[in-house]
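Report on one structure; see the data block that follows.
The values are calculated or read from the model by the stated rules, or taken from the named source; none is laboratory data. Being a predicted model, the structure only gives us computed values, none of them experimental. Note that we place each Cβ from the backbone using ideal geometry, even for glycine, and neighbour counts take in every protein chain shown. What goes into the accessible areas is simple: the full protein's heavy atoms, side chains included, and nothing from ligands, DNA or RNA. Shrake-Rupley method; radii C 1.70, N 1.55, O 1.52, S 1.80 Å.
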Amino acid sequence: MKVAVLGAGAIGAYVGAALHRAGADVHLIARGPHLAAMRRHGVRVRSARGDFTAHPRATDDPADVGPADYVFLGLKATSYAACGPLIEPLLHGTTAVVAAQNGIPWWYFHRHGGPHDGRRLDSVDPGGAVSAVLAPERAVGCVVYAATELAGPGVVRHVEGTRFSIGEPGREVSARCREFSAAMVAGGLKCPVEPDLRNDIWLKLLGNISFNPISALARATMGQMCAHGGTRRVIGTMMTETLAVAEALGCEVAVSVERRLAGAAKVGDHRTSTLQDLERGKPLELDVLLAAVVELAGITGVPVPTLRTVHAISDLLALRSNAA
């Protein structure tokens with residue numbers, strides 16, 4: 001089983017190291033000092049579950065890798081539309097693209113069934129630019145519950161969690177999902193194949209859609225947002241509106257707003273990925289987290305006044321940040 005990891009940052013390198021440990025033929029695609037360190041020393045994983053080092057091949061040129069059975073996509077969703085030249089050398093007729101992204105994916109309505117089947121969301125697939133590069137037929141959805149960060153070039157610090165839920169847009173438990181899951185499990189990770197991954201997408205989105213933009217607007221950590229009464233109420237309202245959109249689309253989210261808030265409060269002084277991107281001058285990944293749900297609310301007729309307000313303000317922040 002040949003796996004190319006396109007965007008071998010903290011999550012991508014962690015998954016690549018685990019799959020290599022399981023015996024897969026893994027190729028990491030990265031750049032800069034991080035690539036140089038992985039070539040020289042391998043991927044060094046530091047974790048309370050046990051440290052280990054893996055030595056998969058690493059390159060900055062996908063043409064050196066050639067076609068793979070699976071491409072694990074570790075890029076930010078903001079990079080998808082432009083990744084064509086990088087991903088094309090990695091594809092053969094049946095290559096599966098395992099897209100580990102937050103928020104609403106570009107393939108959301110692919111083989112969805114019902115009145116919205118095949119619909120394109122302009123917020124996540126503007127003009128079909130992402131679908132043109134990443135054919136929905138290749139997509140295997142992936143919801144990441146693991147937290148990692150780069151402690152230095154080639155060094156991945158595993159913070160918590162090992163679960164990577166995967167699933168087909170058409171809801172079948174496919175052979176390609178079973179094969180990929182088995183390799184992930186052999187590498188020490190959890191990788192359940194979900195009959196309907198959309199439920200997991202909304203479960204994780206419940207936190208991302210609220211905490212991520214508010215953290216960037218307020219420059220606040222998870223603990224600070226939960227401790228501030230007014231902010232906590234706004235976040236709770238955003239979650240409630242999000243649940244209403246999910247339910248209108250036939251999804252079930254098995255967690256209450258209060259339980260989600262309580263869980264977030266325990267995280268403490270953690271900075272969301274959006275806040276970290278803002279501080280580093282990187283593009284803010286808010287379209288798939290927030291704009292997409294506002295678009296879905298319009299499609300389903302669900303009122304989401306708080307989401308629309310936060311979207312308007314955070315969209316301006318993103319535009320100013322991206323232009324800086």
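Quick rundown of the values:
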quantity	calculated
Hz values of 3J(HN,Hα) by residue in segment 61-71 - Karplus curve (6.51, -1.76, 1.60), Gly and Pro given as x	10, x, 5, 5, 8, x, x, 10, 6, 9, 10
Cleavage-rule hits, trypsin sites (Lys or Arg not before Pro), segment 1-98, DSSP coil, Cβ neighbours within 10 Å at most 16	Arg31, Arg49
Spherically averaged projected area of segment 116-270 from its Cα convex hull (nm²)	11.2
Student exercise, segment 156-290 dipole from Lys, Arg, Asp, Glu Cβ charges, in Debye to nearest 20	460
Hits among lysines - C-alpha to C-alpha of Lys266 under 18 Å, sequence gap 8 or more where chains match	Lys204
Net +/- balance of residues flanking Thr306 in space, Cβ distance below 14 Å, scoring K and R +1, D and E -1	+2
Size of electric dipole in segment 1-154: Cβ of Lys, Arg +1 and of Asp, Glu -1, about Cα centre, debye, nearest 20	420
Degrees, to the nearest 10: 32-41 long Cα axis against longest axis of the chain	50
Share of carbon and sulfur in the accessible heavy-atom surface of the chain [1.4 Å probe, %]	52
Chymotrypsin sites (Phe, Trp or Tyr not before Pro) restricted to segment 109-168 and DSSP loop, no more than 14 other C-beta within 10 Å	Tyr145
Pairwise label distance in nanometres, Leu317 with Glu279, each label 7 Å out on the Cα-Cβ vector	1.4
Contour minus Cα-Cα distance for Thr94 and Asp51 (0.36 nm per residue)	12.0 nm
Tail fraction, Cα-Cα pairs, segment 144-198, threshold 18 Å, whole percent	41
Förster radius 22 Å - calculated FRET efficiency between Ala227 and Glu258 (Cβ-Cβ, nearest 0.05)	0.90
